[in-house]
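What follows is a short report on a single structure.
All of the numbers you see were taken from the coordinates with simple rules; none came from a lab. This structure is a prediction, so every number in the text was calculated from the model and none was measured. Positions of Cβ are backbone-derived with ideal geometry, glycine not excepted, and every protein chain shown enters the neighbour counts.
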Amino acid sequence: MTVDTINVCLPKGGAMEPLCALFENIGFPVDGYHSENRTYRPGLTGLPARAKIMAEKDVAIQVGVGNYDIGFCGTDWVQEHVTRYRAARVHLFKPLGLDKKELHVCTSLNGSLQSVEDLQGMREFVTLVSEYPNIAEGFAIGKRLRKFKIFSAWGSVEAYPPEHADAVILAAYDKDSLREKALHSIRCELESELCLIVNRRSIVEKDLSSVLNFFSDA
């Protein structure tokens, strides 16, 4: 009988360390998943599966379109993807309770904009910069900002206000770290943690149990 190959995508960056610790704790047989790996192709010993390491923000996209069956990423990136692509086939299989953080809407710590109401009252365009442009757009529409512009940036969005942005949306582990970056949180838009996600079609068409069973009690 032919056994389907399960395609797994693993995040690099800050999510790697807590995920590695979880894999070791539950005995998940991944080999070569660490920051020194330059091949981006760790092994999955004894499983009918293959894995690839990629940027965390790409994991939800790749699972959503069906290029991969299983992935690990923050719920922030899942939300960023499904906010734009409502029909994405991403199923949040299990939260893992790791790498918990929050997405905050922030303005300059010492600026004149100190609340959501201040943004709502602006007659000029409100400029928002974020690594999460879809979430930023959802915030602007949901809060009924009169006019707004969204700019996508990758990293260091804290440097934009007040000269080049009215507000930014970024992830933080605590509010103290925001103040250290001269930012003032006017809203916590989302809470995030690492999770295991699967493609909805793969759940139906493939037997994913050889991988998923490792995380049933994780």
Taking H placed 1.01 Å from N in the peptide plane, check which residues at least 5 places from Val90 or on another chain put their amide H under 5 Å from its amide H.
Arg200
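Based on the inverse mean of 1/r over its pairs of different Cα atoms, what is the Kirkwood hydrodynamic radius of the chain, in Å? Please list the in-between numbers first.
Details: mean 1/r = 0.0538 Å⁻¹.
Computed over the chain, the radius equals 18.6 Å.
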Interchain or long-range residues, amide H under 5 Å from Cys73's placed H:
Cys195, Ile197
By how many nm would the segment from Ser152 to Glu124 lengthen if fully extended, with 0.36 nm per residue of separation less the alpha-carbon distance?
8.1 nm
Sort Ser216, Ser115, Ser185, Ser202 by Cβ crowding within 10 Å, fewest neighbours at the top.
Ser216, Ser115, Ser185, Ser202
The rounded separation in angstrom of the Cα centers of the range 145-200 and the range 1-58 is 28
Suppose we keep just the alpha-carbon trace of the range 101-191; what are its Rg and Dmax in angstrom?
11.5, 33
Placing each pseudo-label 7 Å from Cα in the direction of the beta carbon, Arg84 and Asn110 end up separated by a distance in nanometres of 3.6
Between the Cα axis of helix 75-84 and the main Cα principal axis of the chain, the angle (0 to 90°, nearest 10) is 70
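Would you mind telling me the antiparallel percentage of the DSSP bridges in the chain, rounded to 5?
On the way: 25 of 41 bridges.
Around 60 percent of the beta bridges assigned by DSSP in the chain are antiparallel ones.
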Computed over the chain: longest principal axis from alpha-carbon atoms vs helix 133-142 long axis, angle to nearest 10 degrees, is 50
Output the 0 to 90 degree angle, nearest 10, between the alpha-carbon long axis of helix 56-65 and the longest principal axis computed from the alpha carbons of the chain.
60
How many nm is it between the label spots at Arg50 and Asp174, if each spot is 7 Å from the Cα in line with the beta carbon?
4.4
What would the Debye equation give as log₁₀ I(q)/I(0) for the range 91-133 at q = 0.30 Å⁻¹, counting only Cα atoms as equal point scatterers?
-1.26
What distance in nm separates the simple spin-label points at Ile26 and Lys143, each placed 7 Å from Cα in the Cβ direction?
3.6
Rg over Rh [alpha-carbon atoms, Kirkwood Rh] for the range 151-212:
1.22
Potential extension, Arg41-Arg187 segment - 0.36 nm per residue separation minus Cα distance
48.7 nm
Given H placed 1.01 Å from N in the peptide plane, which residues other than close sequence neighbours of Leu98 have an amide H under 5 Å from its amide H?
Leu194
